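Working notes, structure below.
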Amino acid sequence: MAEHPAYPVGLRLTGRRVVVLGGGQVAQRRLPALIAAGADIRLVSPEATPSVEAMADAGEIAWEQRPYADGDLADAWYALIATSDTDANAAASAEAERHRVWCVRSDDADQATAWTPATGHSEGVTVAVLTTSARDRDPRHTAAIRDAVVEGLRDGTLVAPHQRTRTAGVALVGGGPGDPDLITVRGRRLLAEADVVIADRLGPRDLLAELPPHVEVIDAAKIPYGRFMAQEAINNALIEHAKQGKAVVRLKGGDPFVFGRGMEEAQALAEAGIPCTVVPGISSSISVPGAAGIPVTHRGVAHEFTVVSGHVAPDDERSLVDWPSLARLTGTLVILMGVDKIGRIAETLVAHGKSPQTPVALVQEGTTAAQRRVDATLATVAETVVAQEVRPPAVIVVGEVVGVGVGPHGAA
């Protein structure tokens, strides 16, 4: 046949018969997408990998445990030929040609009537990459192109504006602990599509510099309060911009619902009839200790960890934390927003039974270039914070896991 480029098309296989010959690694890679497409899949193969066998056991595919036989493709719309028997592959390919069944061959692309593109997905879009001819086929190259396009769509570096009218709304995006690379791909994409970004001080600031010039960036710490409290002013700003038909992102540090007042904002938006999307973020309570070489749990050391807010002291009537109970726990205690209260917190824990020699680590500016770790004990932490000039934001870890870390801050 004359050399012509392949014609790209999307097959709608829902409820339609697809025959897969061979249950090896090729089938294992291709079957999930066929299952996701809703195809009626018939696998013909004497044996299969454990993963393929599990698909059959789950009823996702019908498996006939035998070799290929002429007539297997008679009712198929699409066929994937991937056996280790060259003769069987050739015979099946010839049958597909007779029955006008589009056929992919894993062993000989030149003899196939269809090719499987390198595919990826991003927010309702499927990216499929094909080479123009059999002569130019280079699976690694097409996969690399696919990965570059999908990654660009996910992280916002490749932006394709929506042409249809968007529904106004707000996305509460958890920005993670500070390192801009630790925001989720969905969060980064929503940032790239935003008209307005209302950002916390503890959000990943470096991401704001990447936003297009037309995006309005509002510092939540500097919203005029007027007669409202700060949180009410932020709620009002979210509602006001969303009602103007803008795509609004509320960029918060860590996770929106971990001491982030995200639910207060979601409730205010719901009362105003504004659609709200919540994008979880990596909480500093886990990620910052990890970045400093501290596991919050470790086999034989800690079977649980507890995260508490230290923004009010244990003797403050506003405190909702049961500090005496925490002192009796044997696991890890992670304290957020507690740098200036750590002295009274340590005294309370010791007064209720915690050993004064319990290790403590303070990780300041975790996951950023300014990260530093300061170690102490419950007995010395108050004076250490002053002597070492530890400042917020810092995550405080209390427990034996502090001494488990690896690398420069501890021995395995």
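The values are calculated or read from the model by the stated rules, or taken from the named source; none is laboratory data. Nothing here was measured: the structure is a model prediction, and the numbers come from that model. Cβ placement follows ideal geometry from the backbone for every residue including glycine, while neighbour counts extend to all protein chains displayed.
State all residues of segment 186-207 that are in contact (Cβ under 8 Å) with a residue 40 or more places away in the chain, in a helix (DSSP H, G or I) and not small (Gly, Ala, Ser); if no residue qualifies, say none. Across segment 186-207, the qualifying residues are 186, 189, 190, 191, 207.
Inclusion of residue 282 among residues that are crowded, with 20+ Cβ neighbours inside 10 Å, touching a strand residue (DSSP E or B) at 6+ places or on another chain (Cβ under 9 Å) and not aromatic (Phe, Trp, Tyr) is warranted. Considering only residues that are assigned to a strand (DSSP E or B) and under 21 Å from the mean Cα position of the chain (by Cα), which ones fall in segment 228-262? Of everything in segment 228-262, those that are assigned to a strand (DSSP E or B) and under 21 Å from the mean Cα position of the chain (by Cα) turn out to be 248, 249, 250, 251, 252, 254. The selection criterion, being among the small types (Gly, Ala, Ser) and at pLDDT 95 or above, does not hold for residue 33. Of the numbered criteria (1) in the same structural domain as residue 79 (by TED's automatic domain parsing); (2) part of a loop (DSSP other than H, G, I, E, B); (3) hydroxyl-bearing (Ser, Thr, Tyr), the one residue 45 fails is (2).
Checked across segment 292-300, the condition of being assigned to a strand (DSSP E or B), assigned by TED's automatic domain parsing to the domain that holds residue 365 and at pLDDT 95 or above holds for at least one residue.
Got at least one residue in segment 312-323 being in a loop (DSSP other than H, G, I, E, B), free of Cβ contacts under 8 Å to residues at least 40 places away in the same chain, of a type in the set (A, V, I, L, M) and surrounded by 17 or more Cβ atoms within 10 Å (Cβ to Cβ)? Quick ask: steps written out before the conclusion?
Initially, segment 312-323 is screened for residues in a loop (DSSP other than H, G, I, E, B), giving 312-322.
So of that shortlist, the ones also free of Cβ contacts under 8 Å to residues at least 40 places away in the same chain come out as 312-322.
Imposing the further condition that a residue be of a type in the set (A, V, I, L, M) reduces the set to 312-313, 320-321.
Next, only the ones that are surrounded by 17 or more Cβ atoms within 10 Å (Cβ to Cβ) stay: 313, 321.
The answer is yes; a qualifying residue exists.
Taking the stated definitions as given, is residue 275 surrounded by fewer than 15 Cβ atoms within 10 Å (Cβ to Cβ), touching a residue at least 60 places away in the same chain (Cβ under 8 Å) and either in contact with a strand residue (DSSP E or B) (Cβ under 9 Å, 6 or more places away or on another chain) or within 29 Å of residue 351 (Cβ to Cβ) (or both)? In short, yes. Checking the conditions here, which among 234, 274 is of a type in the set (A, V, I, L, M) and closer than 26 Å to residue 179 by Cβ? Just a single option satisfies the conditions, and that option is 234.
The number of residues in segment 324-346 being over 21 Å from residue 383 (Cβ atoms) and not in a loop (DSSP other than H, G, I, E, B) comes to 7.
Residues that are within 15 Å of residue 341 (Cα to Cα) and either touching a Gly at 6+ places or on another chain (Cβ under 8 Å) or in a loop (DSSP other than H, G, I, E, B) (or both) within segment 373-392 comprise 378, 379, 380, 381, 382, 385, 389, 390, 391, 392, listed in sequence order. Does residue 319 qualify as being more than 18 Å from residue 395 (Cβ to Cβ) and of a type in the set (Gly, Ala, Ser)? Answer is yes for this residue. Of all residues in segment 210-227, those satisfying the criterion of being outside any loop (DSSP other than H, G, I, E, B) and modelled with pLDDT under 80 are 210, 221, 222. The residues of segment 1-33 that are touching a residue at least 40 places away in the same chain (Cβ under 8 Å), within 19 Å of residue 73 (Cα to Cα) and of a type outside the set (Gly, Ala, Ser), listed by number, are 11, 13, 16, 17, 18, 19, 20, 21, 26, 30. Number of residues in segment 81-90 that are without any contact (Cβ under 8 Å) to a residue 24 or more places away in the chain and assigned to a loop (DSSP other than H, G, I, E, B): the value is 1.
Looking at segment 250-268, can you tell me whether even one residue there is outside the structural domain of residue 362 (by TED's automatic domain parsing) and of a type in the set (Phe, Trp, Tyr)? Yes, there is a match, as at least one residue in segment 250-268 is outside the structural domain of residue 362 (by TED's automatic domain parsing) and of a type in the set (Phe, Trp, Tyr). The numbered conditions (1) touching a strand residue (DSSP E or B) at 6+ places or on another chain (Cβ under 7 Å); (2) surrounded by 19 or more Cβ atoms within 10 Å (Cβ to Cβ); (3) β-branched (Val, Ile, Thr); (4) in a loop (DSSP other than H, G, I, E, B) are all true for residue 104 except (4).
The residue pairs whose first member lies in segment 100-127 and is on the phi < 0 side of the Ramachandran plot, whose second member is of a type in the set (Phe, Trp, Tyr) and outside any loop (DSSP other than H, G, I, E, B), and whose beta carbons are closer than 7 Å, counting only pairs six or more residues apart or on different chains, are 101/78; 102/78; 113/102; 114/102.
Conditions tested, residue by residue: (1) outside any helix (DSSP H, G or I); (2) surrounded by fewer than 20 Cβ atoms within 10 Å (Cβ to Cβ); (3) out of contact with any helix residue (DSSP H, G or I) (no Cβ under 6 Å at 6 or more places or on another chain).
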site	(1), (2), (3)
19	yes, no, yes
38	yes, yes, yes
59	yes, yes, yes
76	yes, no, yes
79	yes, no, no
92	no, no, yes
95	no, no, yes
110	no, yes, no
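Look at segment 347-362: where a residue is more than 14 Å from residue 329 (Cα to Cα) and part of a strand (DSSP E or B) and a partner is small (Gly, Ala, Ser) and at pLDDT 95 or above, sitting 6+ places away or on another chain with Cβ atoms under 6 Å, you get 360/376; 362/394.
If a residue has to be over 18 Å from residue 234 (Cβ atoms) and in contact with a strand residue (DSSP E or B) (Cβ under 7 Å, 6 or more places away or on another chain) to count, how many in segment 191-203 make the cut? Reasoning before the result, please.
Restricting attention to segment 191-203, the residues satisfying the condition of being over 18 Å from residue 234 (Cβ atoms) are 192-193.
Add one more test, that the residue is in contact with a strand residue (DSSP E or B) (Cβ under 7 Å, 6 or more places away or on another chain), and what stays is 193.
Looking only at that region, the number is 1.
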